[in-house]
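J.: Here it is, the structure in full.
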There are 2 protein chains.
Amino acid sequence: MSQRVADHLATQIEAIIGRLGQYVACASVSADPAFENGMAAARDFLMARLAGMGMENVQLLDGGGHKAVYADWMHAPGKPTLIVYGHYDVQPPDPLDAWESEPFVLTQRGDRLYGRGASDNKGSSTIALESLAAYLQIEGGFPFNVRCLFEGEEEVGAPSLPAIFERYADLIKGDLVLSADGGRNGFWPAINVGCRGVNALEVTLRTSAVRDLHSGRYGGTTRNALHDMAHLLASLHDAEGRVMVEGFLPEAARPTEQQRRHSAELAMDEDAFFASFGGVAHGYPDYTAIERLTLMPTLEINGMWGGYTGPGSKTVIPNAAHAKITIRLIAGQDPRETAAAVIRHLEAHAPEGTRLEIRSDRGGAPAYSLGEESPLVVAADRVLREITGKTPVRVRSGGTSPITATIRDHLGIDTLMFGFSLPADGVHAPNESYAITSIREGVTCWPLMLTELGRIWNQSQ
Amino acid sequence: MSQRVADHLATQIEAIIGRLGQYVACASVSADPAFENGMAAARDFLMARLAGMGMENVQLLDGGGHKAVYADWMHAPGKPTLIVYGHYDVQPPDPLDAWESEPFVLTQRGDRLYGRGASDNKGSSTIALESLAAYLQIEGGFPFNVRCLFEGEEEVGAPSLPAIFERYADLIKGDLVLSADGGRNGFWPAINVGCRGVNALEVTLRTSAVRDLHSGRYGGTTRNALHDMAHLLASLHDAEGRVMVEGFLPEAARPTEQQRRHSAELAMDEDAFFASFGGVAHGYPDYTAIERLTLMPTLEINGMWGGYTGPGSKTVIPNAAHAKITIRLIAGQDPRETAAAVIRHLEAHAPEGTRLEIRSDRGGAPAYSLGEESPLVVAADRVLREITGKTPVRVRSGGTSPITATIRDHLGIDTLMFGFSLPADGVHAPNESYAITSIREGVTCWPLMLTELGRIWNQSQ
């Protein structure tokens, strides 16, 4: 049925681009207080659009930072509730002189629209908004309840989103989340079914010496914190790149055959991948690069330092050395437990006569994974098959999507990233752009997705 | 015979302290151009004193930096030539508010004389000058030829001393050097028979990646320079602290039985040593702490750094890591060859797909060693036995004395450090001081040393 909605939207592309232009003109940079007016303008734009399309209960949610915009349509009693997520804030436009046109004036050149936020996330949010509007207009309602949440702090790490979830627990509840954020990896059709989690540690190793020592007066007699740190960090991996921490990777967490099959379907060109950054393959030797990137965890030293690092030489025996470590986690690895295993390893391997101080400044985010049986995945699979005539591949991100983890933490529900950004859009960079074909594809897929999700979801209830 | 000289000097202590006060009043800080007048005053003081005592050919030697003061007495034709070395420059007096009396006013409190340079090196230089003066006055001449060299850049690394040695090669030649610099380690009687050499390397390890990488987008697939650097640095030592570099420590360079016996005679209190800085014993396990400090080489990482070292976490996979390494060398280890062995080890152990850049910004200084048969050692041994009634121990410094190595490099001759500083003097620190007993002991030992050296040396010719 929603083909009617999609068909209607296909005739509205010029008008949709016009409204995207109004949205981009709201210079909503969350990182910089100088853009406070643009932030307010973007909120006003969203509230007016949501109210205008027939969404109800439109309001601002205050979690102590930039307010989020909320609206709902709750006229499907007894039916589940879909939360539609997006964010209205954008990255700073700097460096300004690298832009070929004004960052906050949506400018068409060829088949692309240029402007800050044109892709991330105003372009994909516009697809969601226009689809909801047309759906309400043409179908007169949704096959489930809908709540919209457009937040304003995604580009600065969404610090007050948890507070919003807590303060407005009566409003922000539901069963599934369809996110207008996120993008396509260049595999089309593809469904993003997961991303790795993350946790961070900072390690300081101290010898018992009360100060750095002169290497002439003490060298050879006593411990050097840099030697000890080098040994300690080297103990974390074998020469092939396996993590050597006991309990780090439970057997049960290893990639499943299905996951590995999905990765193989991507047929990643490893040579091209490594050529793109000049790297060489290294890591768990029994897995392909795409498996190592998305299905396997990593333990990375992101920084290490100690002793004298200025020009020339200084003959010092340092009594302290430092390292920053992050872990990328897969499903089956609890962030805290995994960090605890690493801490146990470090403590067990720190030489006698040294002492460790380990700071873990956040609980970390677990890996995020959507099951094949999720209505979100089943619906997306059907829609993409229908639109493209191809079998959608399952893709996973090597990075971490804090929003999806935050949502699962607080609401206990799944999110499908259903944004239409592409790598060529250059998000966060000068001359960010959005392909007009992405809008066309988006406003075809989103209405079909809503219909298909309603069908599957209501059957499964 | 020179007991007469020593006896005479013992009656002159007040006058000697008076002249030391004039010398200390010359604020000769070589590091700071604001003290240029003090530098000139110190040179004038020395030249007047040398001329006044009967030394000849008094002149300044210009190597491009602070000039050195030279004088000679060459009336022993056919006899060898002793070079007496000292330096007239001092460390900056900062921090001024930590001084209990004016830094450039020699001030007696109790049995100590306070002032910048009171010990290093004006105190010990005064012992040398007064001894030479009294010897000439009372004996009418020396049993060998004497050249005096007081340079003005010791506290800033003596950068133009090699140029002085080259430009004035006709003046600065001789057979042995008796240095008024250096000090007593607290073992009395003791003869300093050596110090370790030094060489420095700076190592950069780069992966082939063209930039630092995002750990979400690349983590697990490719090399991390910090992991590789940790493994590389860890390969340099075993867990007990032995250096694992092939060719680093030739069997022939290992401490001799005689050297180990001399070390044992010091009866170092290891517990007190480690307690003094809170350290614990670590290093070549078959050697005592004093042996590891003075008779064994070390390879120390003085600094290492790479990746993100600021606050919080940054999920970066660095493509470069850095380390600073210095080597303390013993006799039998050539600085360049040893550095080359370390470089070979690093290159052999750097993982495939990485590349090293190694910078060695100086040729290094070899270890310095005085043989038991050197007339300097034989004479010092006899003098110290006679004065103290005890058997002098042989001590070695774990540090490096660049002057002795520079002298051997340029003149090819041996130096005995025969200064009278003590650890309690606090050289380079505020409230630097010199014990009046050090002056008494010094002006007893130096005249006897000159006589004894003449006797032994002339017998051995």
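J.: I'd like to know if the range B:400-412 contains one or more residues that are under 17 Å from residue B:190 (Cα atoms), away from every other protein chain (no Cβ under 14 Å) and among the acidic types (Asp, Glu).
T.: Checked against the condition, which is being under 17 Å from residue B:190 (Cα atoms), away from every other protein chain (no Cβ under 14 Å) and among the acidic types (Asp, Glu), the range B:400-412 yields no hits at all.
J.: Of the residues B:217, B:261, B:254, B:242, only one is of a type in the set (Lys, Arg) and more than 29 Å from the chain's Cα centre (by Cα); which? Step through it out loud before you land on a result.
T.: Numbers: B:261 fails: more than 29 Å from the chain's Cα centre (by Cα); B:254 fails: more than 29 Å from the chain's Cα centre (by Cα); B:242 fails: more than 29 Å from the chain's Cα centre (by Cα).
After ruling out the rest, the residue left standing is B:217.
J.: Consider residue B:102 carefully, then state whether it is modelled with pLDDT of 95 or more, surrounded by 18 or more Cβ atoms within 10 Å (Cβ to Cβ), more than 30 Å from residue A:314 (Cβ to Cβ) and charged (D, E, K, R). Walk me through how you get there before you give the answer.
T.: Numbers: modelled with pLDDT of 95 or more: yes; surrounded by 18 or more Cβ atoms within 10 Å (Cβ to Cβ): no; more than 30 Å from residue A:314 (Cβ to Cβ): yes; charged (D, E, K, R): yes.
Considered against the rule, which asks whether it is modelled with pLDDT of 95 or more, surrounded by 18 or more Cβ atoms within 10 Å (Cβ to Cβ), more than 30 Å from residue A:314 (Cβ to Cβ) and charged (D, E, K, R), residue B:102 comes out as no.
J.: Would a scan of the range B:220-232 turn up a residue that is over 27 Å from residue A:306 (Cα atoms), at pLDDT 95 or above and hydroxyl-bearing (Ser, Thr, Tyr)?
T.: Step one: of the range B:220-232, the residues over 27 Å from residue A:306 (Cα atoms) are B:221.
So of that shortlist, the ones also at pLDDT 95 or above come out as B:221.
When the remaining residues are screened for being hydroxyl-bearing (Ser, Thr, Tyr), the result is B:221.
For the range B:220-232, residues over 27 Å from residue A:306 (Cα atoms), at pLDDT 95 or above and hydroxyl-bearing (Ser, Thr, Tyr): present.
J.: Moving to a separate point now. Considering only residues of the range A:301-325 that are assigned to a loop (DSSP other than H, G, I, E, B) and within 7 Å of chain B (Cβ to nearest Cβ), which is farthest from residue B:213 (Cα to Cα)? Spell out the reasoning first.
T.: Taking the range A:301-325 as the starting set, the residues that turn out to be assigned to a loop (DSSP other than H, G, I, E, B) are A:308-315, A:318-319.
From the residues that got through so far, the ones that are within 7 Å of chain B (Cβ to nearest Cβ) too are A:308-309, A:313-315.
Working: A:308: 26, A:309: 23, A:313: 30, A:314: 31, A:315: 33 Å.
Going through the qualifying residues, I end up with A:315.
J.: For the range B:263-287, what are the residues that are at the interface with chain A (Cβ under 9 Å from one of its Cβ atoms) and either among the charged types (D, E, K, R) or farther than 19 Å from residue A:211 by Cβ (or both)?
T.: The answer is B:270, B:284, B:287.
J.: From the list A:303, A:312, A:278, which residue is under 17 Å from residue B:316 (Cα atoms), without any contact (Cβ under 8 Å) to a residue 40 or more places away in the chain and surrounded by fewer than 19 Cβ atoms within 10 Å (Cβ to Cβ)?
T.: Values: A:303 fails: surrounded by fewer than 19 Cβ atoms within 10 Å (Cβ to Cβ); A:312 fails: under 17 Å from residue B:316 (Cα atoms).
The conditions single out A:278.
J.: Considering only residues that are buried (at least 24 other Cβ atoms within 10 Å of the Cβ) and hydrophobic (A, V, I, L, M, F, W, C), look in the range B:194-212 and name the one that is nearest to residue B:264 (Cα to Cα).
T.: B:195
Here is a yes/no grid of residues against (1) touching a helix residue (DSSP H, G or I) at 6+ places or on another chain (Cβ under 8 Å); (2) within 26 Å of residue B:335 (Cβ to Cβ); (3) of a type in the set (Asp, Glu):
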| position | (1), (2), (3) |
| --- | --- |
| B:192 | no, yes, no |
| B:198 | yes, yes, no |
| B:204 | no, yes, no |
| B:211 | yes, no, no |
| B:240 | no, yes, yes |
| B:245 | yes, yes, no |
| B:257 | no, yes, yes |
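J.: Which of the residues spanning the range B:295-334 are farther than 30 Å from residue A:200 by Cα, β-branched (Val, Ile, Thr) and touching a strand residue (DSSP E or B) at 6+ places or on another chain (Cβ under 6 Å)? Give the derivation first.
T.: Within the range B:295-334, the subset farther than 30 Å from residue A:200 by Cα is B:295-299, B:326-334.
From what is left, the residues that are β-branched (Val, Ile, Thr) are B:298, B:326-327, B:330.
Listed by number, the residues that qualify are B:298, B:326, B:327.
J.: Going by the structure shown, is residue A:436 surrounded by fewer than 19 Cβ atoms within 10 Å (Cβ to Cβ), β-branched (Val, Ile, Thr) and either under 16 Å from the mean Cα position of the chain (by Cα) or farther than 21 Å from residue A:380 by Cα (or both)?
T.: Details: surrounded by fewer than 19 Cβ atoms within 10 Å (Cβ to Cβ): yes; β-branched (Val, Ile, Thr): yes; either under 16 Å from the mean Cα position of the chain (by Cα) or farther than 21 Å from residue A:380 by Cα (or both): yes.
So residue A:436 fits the description; yes.
J.: Would you be able to tell me the number of residues in the range A:184-193 that are surrounded by fewer than 22 Cβ atoms within 10 Å (Cβ to Cβ) and within 14 Å of chain B (Cβ to nearest Cβ)?
T.: So the count comes out to 2.
J.: Still on this structure: With the structure loaded, tell me whether residue A:236 is farther than 30 Å from residue A:370 by Cβ and at the interface with chain B (Cβ under 8 Å from one of its Cβ atoms) or whether it fails that test. Steps first, please.
T.: Details: farther than 30 Å from residue A:370 by Cβ: yes; at the interface with chain B (Cβ under 8 Å from one of its Cβ atoms): yes.
Judged against the criteria, residue A:236 is a match.
J.: Pairs under 9 Å by beta carbon, first residue without any contact (Cβ under 8 Å) to a residue 12 or more places away in the chain in the range A:414-426, partner surrounded by fewer than 24 Cβ atoms within 10 Å (Cβ to Cβ) and of a type in the set (A, V, I, L, M, F, W, C), six or more apart or different chains?
T.: A:424/A:435
J.: Follow-up. Answer yes if at least one residue in the range B:383-393 is among the charged types (D, E, K, R), without any contact (Cβ under 8 Å) to a residue 12 or more places away in the chain and out of contact with any Lys or Arg (no Cβ under 9 Å at 6 or more places or on another chain), and no otherwise.
T.: No, the range B:383-393 has no match at all.
J.: Quick check on the range A:407-423. Is at least one of its residues in a helix (DSSP H, G or I) and among the small types (Gly, Ala, Ser)? Outline the logic, then answer.
T.: If we filter the range A:407-423 for residues that are in a helix (DSSP H, G or I), which is where we start, we get A:407-411, A:423.
Still in the list and also among the small types (Gly, Ala, Ser): none.
For the range A:407-423, residues in a helix (DSSP H, G or I) and among the small types (Gly, Ala, Ser): absent.
J.: OK, next. Take the residues in the range A:326-347 that are within 13 Å of chain B (Cβ to nearest Cβ) and in contact with a helix residue (DSSP H, G or I) (Cβ under 7 Å, 6 or more places away or on another chain), then tell me which one is modelled with the highest pLDDT.
T.: Per the criteria, the residue is A:346.
J.: Would the range A:226-233 turn up any residue that is surrounded by fewer than 24 Cβ atoms within 10 Å (Cβ to Cβ) and in contact with a Lys or Arg (Cβ under 9 Å, 6 or more places away or on another chain)?
T.: The answer is no, given that none of the residues of the range A:226-233 is surrounded by fewer than 24 Cβ atoms within 10 Å (Cβ to Cβ) and in contact with a Lys or Arg (Cβ under 9 Å, 6 or more places away or on another chain).
J.: Moving on. Residue check, residue A:408 against (1) out of contact with any helix residue (DSSP H, G or I) (no Cβ under 7 Å at 6 or more places or on another chain); (2) under 17 Å from residue A:124 (Cα atoms); (3) surrounded by fewer than 23 Cβ atoms within 10 Å (Cβ to Cβ); (4) not aliphatic (A, V, I, L, M), all met but one. Which one?
T.: (2)
J.: Could you tell me whether residue B:93 is touching a Pro at 6+ places or on another chain (Cβ under 6 Å), more than 19 Å from residue B:17 (Cβ to Cβ) and touching a residue at least 24 places away in the same chain (Cβ under 8 Å)?
T.: Values: touching a Pro at 6+ places or on another chain (Cβ under 6 Å): yes; more than 19 Å from residue B:17 (Cβ to Cβ): yes; touching a residue at least 24 places away in the same chain (Cβ under 8 Å): yes.
For residue B:93, the condition - touching a Pro at 6+ places or on another chain (Cβ under 6 Å), more than 19 Å from residue B:17 (Cβ to Cβ) and touching a residue at least 24 places away in the same chain (Cβ under 8 Å) - is met.
J.: Also, quick follow-up: Given A:62, A:32, which one is surrounded by fewer than 18 Cβ atoms within 10 Å (Cβ to Cβ), within 25 Å of the chain's Cα centre (by Cα), closer than 22 Å to residue A:120 by Cβ and touching a residue at least 12 places away in the same chain (Cβ under 8 Å)? First the steps, then the outcome.
T.: Details: A:62 fails: closer than 22 Å to residue A:120 by Cβ.
Testing whether each residue is surrounded by fewer than 18 Cβ atoms within 10 Å (Cβ to Cβ), within 25 Å of the chain's Cα centre (by Cα), closer than 22 Å to residue A:120 by Cβ and touching a residue at least 12 places away in the same chain (Cβ under 8 Å) leaves just A:32.
J.: Further, regarding this structure: Please work out which one of (1) within 14 Å of chain B (Cβ to nearest Cβ); (2) touching a residue at least 12 places away in the same chain (Cβ under 8 Å) is the condition residue A:434 fails and give its number.
T.: With (1) within 14 Å of chain B (Cβ to nearest Cβ); (2) touching a residue at least 12 places away in the same chain (Cβ under 8 Å) applied to residue A:434, the lone miss is (1).
J.: Looking at (1) in contact (Cβ under 8 Å) with a residue 60 or more places away in the chain; (2) closer than 25 Å to residue B:438 by Cα; (3) part of a helix (DSSP H, G or I), which is the one condition that is false for residue B:38?
T.: If we test residue B:38 against (1) in contact (Cβ under 8 Å) with a residue 60 or more places away in the chain; (2) closer than 25 Å to residue B:438 by Cα; (3) part of a helix (DSSP H, G or I), just (2) comes out false.
J.: Would you check which residues across the range A:373-404 are assigned to a helix (DSSP H, G or I), crowded, with 21+ Cβ neighbours inside 10 Å and among the hydrophobic types (A, V, I, L, M, F, W, C) and list them?
T.: A:376, A:379, A:380, A:383, A:384, A:403
J.: Let me ask another. Of all residues in the range A:215-233, count the ones that are closer than 15 Å to residue B:278 by Cβ, out of contact with any helix residue (DSSP H, G or I) (no Cβ under 9 Å at 6 or more places or on another chain) and at the interface with chain B (Cβ under 7 Å from one of its Cβ atoms).
T.: Applying the first criterion (closer than 15 Å to residue B:278 by Cβ) to the range A:215-233 yields A:217-218, A:221-225.
Those left that are additionally out of contact with any helix residue (DSSP H, G or I) (no Cβ under 9 Å at 6 or more places or on another chain): A:223, A:225.
With the extra rule that they be at the interface with chain B (Cβ under 7 Å from one of its Cβ atoms), the set shrinks to A:223.
Total satisfying the criteria: 1.
J.: Go through (1) at pLDDT below 95; (2) over 24 Å from residue B:41 (Cβ atoms); (3) of a type in the set (Val, Ile, Thr) and name the single condition residue B:156 misses.
T.: Tallying (1) at pLDDT below 95; (2) over 24 Å from residue B:41 (Cβ atoms); (3) of a type in the set (Val, Ile, Thr), residue B:156 fails exactly one: (2).
J.: Return the residue satisfying two criteria in turn: it lies in the range A:105-128 and is of a type in the set (A, V, I, L, M, F, W, C) and out of contact with any strand residue (DSSP E or B) (no Cβ under 8 Å at 6 or more places or on another chain), and of such residues it is surrounded by the most Cβ atoms within 10 Å (Cβ to Cβ). Break it down into steps so the answer makes sense when it comes.
T.: Of the range A:105-128, the ones of a type in the set (A, V, I, L, M, F, W, C) are A:105-106, A:113, A:118, A:127-128.
The next check asks that each one be out of contact with any strand residue (DSSP E or B) (no Cβ under 8 Å at 6 or more places or on another chain); those that pass are A:105, A:127.
Numbers: A:105: 13, A:127: 29.
Per the criteria, the residue is A:127.
The values are calculated or read from the model by the stated rules, or taken from the named source; none is laboratory data. Worth saying up front: this structure is predicted, and the values here are computed from it rather than measured. Virtual Cβ from ideal backbone geometry, glycine too; neighbours counted across all protein chains shown.
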